[in-house]
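Taken together, the values in this text are just the output of simple stated rules run on the coordinates, not laboratory data. The structure presented is a predicted model; accordingly, all values stated were derived computationally and were not measured. Backbone-built Cβ (ideal geometry, glycine too); neighbour counts: all protein chains shown.
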2 protein chains.
Amino acid sequence: MRRDIFQAIADPSRRAIIALIAMQAMTPNAIAEHFDTSRQAVSKHLKILTECELITNQQVGREIYYRLEIDKMKEIDQWLEQFKKIWETKFEQLDNLLQTIQKKENEK
Amino acid sequence: MRRDIFQAIADPSRRAIIALIAMQAMTPNAIAEHFDTSRQAVSKHLKILTECELITNQQVGREIYYRLEIDKMKEIDQWLEQFKKIWETKFEQLDNLLQTIQKKENEK
DNA sequence: TAAATATGAAACTAATTGGTTGCAAATGTA
DNA sequence: TACATTTGCAACCAATTAGTTTCATATTTA
């Protein structure tokens, strides 16, 4: 089961968990209190998030604290880079459809 | 079937399609040539991307050109904003687990 | 030591996913 | 008009997903 950061954030519950533990580490029980689902369901989400290294955990007594690995979140931003180049320059104002058709015409 | 931008980019094929048409609009046939899968599979991906408004299309004769709606991509960036605040400030250097435990101690 | 608490894992299920093949509709071309 | 091209849609299928319930293990507490 290959885990992927984009697949991990596809689920709304997982995005909510990520946002929840972003500022401070939390235990599975504490996280589950914020949702309607069972603790076990949260636990499965935490497992998936751990597998793709978006979160890590640390045991303290019988509690296990989960925290966000903020550096991993940067990978999403890195993927967006290629599109930022498009929307940050004024390139977006050109009609790429017209470009495509014109190019095709020129090839004839 | 609720379509969501995060669910849309979860699939690697769809991310590839997005990157492919980012600079210039393309027809389903042209897009499919870049992949191993069938034209119909590409068509289904285009449908999903259209449903969440990440792409739009325009018919020219019997061809249909699909283009990226770059503004919609910004929504991913907007979601990332909350985490950028964390990684851009040096807040990340604080150990949030220690914070949490200390806070808990203080509450006793 | 016994009971309570915190957690993960396994087994099961209904719904969704991503792919396929086959077909119909619309448009362009000979 | 007849035929080729471009496309979307429906039906089907195997794999995956997100949830549940049940159970086992480890740690703290009475």
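Note on A:79-88: average number of Cβ atoms from other chains within 10 Å of each residue's Cβ is 4.
Estimated from the Cβ-Cβ distance and a Förster radius of 41 angstrom, the FRET efficiency linking B:GLU69 and A:ARG62 is about 0.25. Projected onto the charge dipole of region A:5-71 (+1 at Lys/Arg Cβ, -1 at Asp/Glu Cβ, origin at the Cα centre), which of A:VAL60, A:ILE48, A:SER38 gives the Cα projection farthest towards the positive end? Of the candidates, A:SER38 comes out farthest on the positive side. Exposure proxy shown here: for B:THR37, B:THR56, the number of other Cβ atoms within 10 Å sets the order, fewest to most, as B:THR37, B:THR56. Using Cβ point charges alone (K and R +1, D and E -1), the dipole size of region B:5-71 about the Cα centre works out to roughly 160 debye. Region B:16-30 and region A:30-71 have Cα centres lying 37 Å from one another.
Take the Cβ atoms of A:PHE35 and B:PHE35, set R0 to 41 Å, and the FRET efficiency comes out at 0.65. Above 17 Å, the calculated P(r) of region B:5-71 contains 31 percent of its Cα-Cα pairs. Taking a point 7 Å from the Cα of A:LYS85 along the Cα-to-Cβ direction, the residues of region B:5-48 with backbone N closer than 11 Å to it are B:23.
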